[in-house]
Amino acid sequence: MKYVVCYKLVPNESSIGVLPGKNLDFANCEWEIGQYDLRAVETAARLTENDPSNTLVALTVGDSMIENSKLKKSILARGPHEMLAVKSDKLAHADSFATAEVLTEAIRNIGDVDAVFFGEGSGDLYSQQVGNITGALLGWNTVNAVSSAELDGDCLVIERNLESCTEVLRVSLPAAVSVTSDSCIPRLASMKEILKANKKVSTVQDLETYAASGERRTAKVDLKVLSKTARKCEIISDDEAGISAAAAWLRKL
């Protein structure tokens, strides 16, 4: 089996700055693999490990940040056998459709892929759309909100935890699968795996070699920090006067 897992590099939240006009400052922020995507990587890695003939390819799109050697090792040390990245400055701020369009072309170029895995959403925008759009463009069976996936012959047996029950689906391959954040606990890469990652193949291709344009279909209007609301933090005593004050406060709601 050949699997692909898609991931996105996102800014670490704690390193994002705030400018005087409440705009976000990404100039000095640190970048990392999205935490939701790490669940998809772990799910795909576990499926791959069941058979040494299986192959797992990590796939991402973005600007020059995707060439960062530390981030390459970070993804390759978590189970994938190789990494493929599609690079273009316009992909730094690609919307869901543009991202899915490029991923679709890349998956077709890889060839003979049996399943592609996604996190439930990206760690920055969290639109929860890329996996579904990619599956639709590929014309594959597409399932989201997946809590577990196991291979059974030429099908995936998938579980989805709903509000009142667990839904079990048998999905024919090829398929596009988006896993939830509680589907598994991502592994921590050992030193041995990090050293092995140095020897794995990582390929970066220019978007210009693809038929996909990478052009946005949407426009970002603004992105600002929300204003903080001042809280009174009043403490009400448990005596008769305090109880009366609490009752009066509740009547105002």
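The values are calculated or read from the model by the stated rules, or taken from the named source; none is laboratory data. Because the structure is a prediction, the values reported are computed rather than measured. Positions of Cβ are generated from backbone atoms using ideal geometry, with glycine treated the same way; all protein chains shown enter the neighbour counts.
Answer yes or no as to whether Asp239 is more than 30 Å from Gly121 (Cα to Cα) and exposed (fewer than 10 other Cβ atoms within 10 Å of the Cβ). Yes. The one condition from (1) farther than 25 Å from Ala136 by Cα; (2) more than 16 Å from the chain's Cα centre (by Cα); (3) β-branched (Val, Ile, Thr) that Ile66 does not meet is (2). Of all residues in segment 123-149 being assigned to a helix (DSSP H, G or I) and either of a type in the set (Phe, Trp, Tyr) or more than 16 Å from the chain's Cα centre (by Cα) (or both), which is surrounded by the fewest Cβ atoms within 10 Å (Cβ to Cβ)? Among those that are assigned to a helix (DSSP H, G or I) and either of a type in the set (Phe, Trp, Tyr) or more than 16 Å from the chain's Cα centre (by Cα) (or both), it is Ala136.
Given the criterion in a loop (DSSP other than H, G, I, E, B) and of a type in the set (Ser, Thr, Tyr), identify the matching residue among Ser178, Ser164.
On the way: Ser178 fails: in a loop (DSSP other than H, G, I, E, B).
Sole residue among the options that is in a loop (DSSP other than H, G, I, E, B) and of a type in the set (Ser, Thr, Tyr): Ser164.
Just to check your reading of the model, which residue among Leu223, Leu207 is closer than 30 Å to Thr60 by Cβ, of a type in the set (A, V, I, L, M, F, W, C) and modelled with pLDDT of 90 or more? I'd like the intermediate steps shown before the answer.
Values: Leu223 fails: modelled with pLDDT of 90 or more.
After applying the criteria, what remains is Leu207.
When you look at Arg187, is it of a type in the set (Lys, Arg) and touching a His at 6+ places or on another chain (Cβ under 8 Å), yes or no? Answer is no for this residue. Here the condition is being touching a residue at least 24 places away in the same chain (Cβ under 8 Å), surrounded by fewer than 19 Cβ atoms within 10 Å (Cβ to Cβ), in contact with a Lys or Arg (Cβ under 9 Å, 6 or more places away or on another chain) and part of a strand (DSSP E or B); of Leu169, Leu156, it holds for Leu169 alone.
For Arg108, are the conditions met, namely being free of Cβ contacts under 8 Å to residues at least 40 places away in the same chain and buried (at least 16 other Cβ atoms within 10 Å of the Cβ)? Can you show your working first?
Details: free of Cβ contacts under 8 Å to residues at least 40 places away in the same chain: yes; buried (at least 16 other Cβ atoms within 10 Å of the Cβ): no.
Spelling it out, it is not the case that Arg108 is free of Cβ contacts under 8 Å to residues at least 40 places away in the same chain and buried (at least 16 other Cβ atoms within 10 Å of the Cβ).
For segment 59-87, residues that are buried (at least 23 other Cβ atoms within 10 Å of the Cβ) and in contact with a Phe, Trp or Tyr (Cβ under 6 Å, 6 or more places away or on another chain) total 1.
Determine whether Ser202 is outside any loop (DSSP other than H, G, I, E, B), under 30 Å from Leu137 (Cβ atoms) and touching a strand residue (DSSP E or B) at 6+ places or on another chain (Cβ under 9 Å).
Spelling it out, Ser202 is indeed outside any loop (DSSP other than H, G, I, E, B), under 30 Å from Leu137 (Cβ atoms) and touching a strand residue (DSSP E or B) at 6+ places or on another chain (Cβ under 9 Å).
Residue-wise test of (1) over 21 Å from Leu188 (Cα atoms); (2) at pLDDT below 95; (3) among the aromatic types (Phe, Trp, Tyr).
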| position | (1), (2), (3) |
| --- | --- |
| Met65 | yes, yes, no |
| Ile75 | no, no, no |
| Leu91 | yes, yes, no |
| Ala100 | yes, no, no |
| Ile110 | yes, no, no |
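Taking segment 1-41 as the range and being of a type in the set (Lys, Arg) and out of contact with any helix residue (DSSP H, G or I) (no Cβ under 8 Å at 6 or more places or on another chain) as the test, the residues that pass are Lys22, Arg39.
Consider Lys192 carefully, then state whether it is modelled with pLDDT of 90 or more, over 30 Å from Gly131 (Cα atoms) and assigned to a helix (DSSP H, G or I).
On the way: modelled with pLDDT of 90 or more: yes; over 30 Å from Gly131 (Cα atoms): yes; assigned to a helix (DSSP H, G or I): yes.
When the stated conditions are applied, Lys192 passes them.
Consider segment 44-76 and keep the residues that are touching a Ser or Thr at 6+ places or on another chain (Cβ under 6 Å) and in a helix (DSSP H, G or I). The one that is nearest to Asn198 (Cα to Cα) is Lys72.
Among the criteria (1) touching a Pro at 6+ places or on another chain (Cβ under 8 Å); (2) touching a residue at least 60 places away in the same chain (Cβ under 8 Å), the one Val86 does not fulfil is (1).
In segment 33-54, what residues are surrounded by fewer than 18 Cβ atoms within 10 Å (Cβ to Cβ) and either under 19 Å from Val179 (Cβ atoms) or at pLDDT 95 or above (or both)?
Gln35, Arg46, Glu49, Asn50, Asn54 - these are the residues of segment 33-54 that are surrounded by fewer than 18 Cβ atoms within 10 Å (Cβ to Cβ) and either under 19 Å from Val179 (Cβ atoms) or at pLDDT 95 or above (or both).
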